[in-house]
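First comes the structure, then the notes that go with it.
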Amino acid sequence: GENVGLHLPTLSVQEGDNSIINCAYSNSASDYFIWYKQESGKGPQFIIDIRSNMDKRQGQRVTVLLNKTVKHLSLQIAATQPGDSAVYFCAETSSGGGADGLTFGKGTHLIIQP
Amino acid sequence: KAGVTQTPRYLIKTRGQQVTLSCSPISGHRSVSWYQQTPGQGLQFLFEYFSETQRNKGNFPGRFSGRQFSNSRSEMNVSTLELGDSALYLCASSLRGRNTEAFFGQGTRLTVV
């Protein structure tokens with residue numbers, strides 16, 4: 001099946017800087033995307049979602065950008081804090097049928113340096 | 001509002017045994033999905049239940065099964081356990097499934113020895 005993949009397995013940023021985590025997807029039928037944060041020993045935590053009829057969506061300190069032309073998704077975290085250290089997953093699904101489960105990328109480990 | 005609750009948190013079983021994991025979704029949520037997470041394969045979809053019916057199924061062998069009760073609580077069962085079944089099993093709850101926000105529990109860490 002088609003998979004969602006991530007460009008970088010590890011991203012290291014300075015505390016206070018902005019972080020950008022990228023994700024590529026290959027299923028052109030995907031129309032709903034979610035970013036999750038997973039801390040060690042915990043389940044994935046919902047951060048923000050976006051539907052394919054939007055290009056950008058903002059939350060608290062986070063922004064998700066969707067470029068359907070190149071099938072690319074990004075998560076921007078403003079003013080990163082130590083608590084942002086975690087593995088971040090993008091996930092996608094399509095409403096067009098088939099398994100409705102989320103397809104996850106491999107994850108990016110975000111490390112915040114003091 | 002209480003979150004998604006999975007029990008037990010940790011489990012150790014031997015090869016050949018069977019195991020049952022439980023998930024209580026967020027109150028009012030009717031869709032429960034199960035995922036397997038391993039370091040090598042990442043997060044993979046097992047199946048989804050909605051209103052007591054399996055609505056979708058991922059690419060796992062028939063040893064993996066589940067069910068959902070009238071109160072939306074769900075169980076998944078793995079029979080004839082193999083070493084490769086060692087993983088974190090996650091349950092996700094959503095209002096309707098299908099492109100609605102999905103919230104995960106803490107997971108059950110299954111170790112097969």
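Report the FRET efficiency, 1/(1 + (r/R0)^6), for B:Arg73 and A:Ile20, where r is their Cβ-Cβ distance and R0 is 45 Å, rounded to 0.05.
Numbers: r = 39 Å, r/R0 = 0.88.
It comes out at approximately 0.70.
B:Arg9 label point, 7 Å along Cα→Cβ, cut-off 12 Å on backbone N: hits in the stretch A:42-67?
A:42-43
What percent do you get for the relative contact order of chain A when only Cα pairs under 8 Å and 6+ apart count?
Details: 277 pairs, mean separation 42.6, N = 114.
The normalised contact order for chain A reaches 37 percent.
Determine the shielding of peptide A:27-38 by partner chains: average, over its residues, the number of Cβ atoms on other chains within 10 angstrom of each Cβ. All intermediate terms of the calculation are to be shown ahead of the outcome.
Details: counts 0, 0, 0, 0, 1, 4, 1, 3, 0, 5, 0, 6.
That average works out to 2.
Could you tell me the distance between the Cα centroids of the stretch B:1-70 and the stretch A:41-98, to the nearest Å?
24 Å
Could you work out the relative contact order of chain B? I mean the mean sequence separation of Cα pairs under 8 Å and 6+ apart, divided by the number of residues, in percent.
Across chain B, relative contact order equals 37 percent.
How do A:Arg51, B:Arg67 rank by accessible surface area computed with a 1.4 Å probe, from largest to smallest?
Details: A:Arg51 95, B:Arg67 130 Å².
Descending order: B:Arg67, A:Arg51.
Calculate the spin-label point distance for A:Ser28 paired with B:Glu52, positioning each point 7 Å from the Cα along the beta-carbon direction, and give it in nanometres.
With each label placed 7 Å out from Cα toward Cβ, I get 4.2 nm.
What is the sum of charges, Lys and Arg at +1 and Asp and Glu at -1, for the other residues whose Cβ falls under 12 Å from the Cβ of A:Met54?
Details: positive: A:Arg51, A:Lys56, A:Arg57, A:Lys68; negative: A:Asp31, A:Asp49, A:Asp55.
Counting the neighbours of A:Met54, the net charge comes to +1.
What is the mean number of Cβ atoms from other protein chains located within 10 Å of the Cβ atom of each residue in peptide B:45-56, rounded to a whole number? Could the numbers behind the result be given before it?
Details: counts 8, 2, 2, 4, 0, 1, 0, 0, 0, 0, 3, 5.
Going residue by residue through B:45-56 and averaging, the value is 2.
Ranked highest first by the average count of other Cβ atoms within 10 Å around their residues, in what order do B:75-86, B:24-35 fall? Before the final figure, lay out the partial values.
Values: B:75-86: 15.9, B:24-35: 21.2.
Peptide ranking by packing, descending: B:24-35, B:75-86.
Taking one equal scatterer on every alpha-carbon of the protein assembly as shown, how large is log10 of I(q)/I(0) by Debye at q = 0.13, 0.14, 0.16 1/Å?
Listed by q, the Debye log ratios stand at -0.75, -0.87, -1.11.
What average number of partner chain Cβ atoms lie no more than 10 Å from the Cβ of the residues making up B:101-113?
Working: counts 5, 9, 5, 7, 3, 3, 5, 0, 1, 0, 0, 0, 0.
Across B:101-113, the average partner-chain Cβ count within 10 Å equals 3.
In terms of Cα to Cα distance under 13 Å, which aspartates and glutamates are near enough to A:Lys37, apart from those fewer than 8 places away along the same chain?
Cross-link targets: A:Asp49, A:Asp84.
Rounded to the nearest 100 Å², what's the accessible area chains B and A bury against each other, both chains counted, probe 1.4 Å?
On the way: alone 6180 and 6280 Å², together 10810 Å².
Buried area (both sides, nearest 100 Å²): 1700 Å².
The values are calculated or read from the model by the stated rules, or taken from the named source; none is laboratory data. Just so it is clear, the structure is predicted and the values come from calculations on it, not from any experiment. Note: ideal-geometry Cβ built from the backbone for every residue, glycine included; neighbour counts use all protein chains shown. Remember, those area values only see protein heavy atoms, side chains included, never the ligands or the DNA or RNA. Shrake-Rupley method; radii C 1.70, N 1.55, O 1.52, S 1.80 Å.
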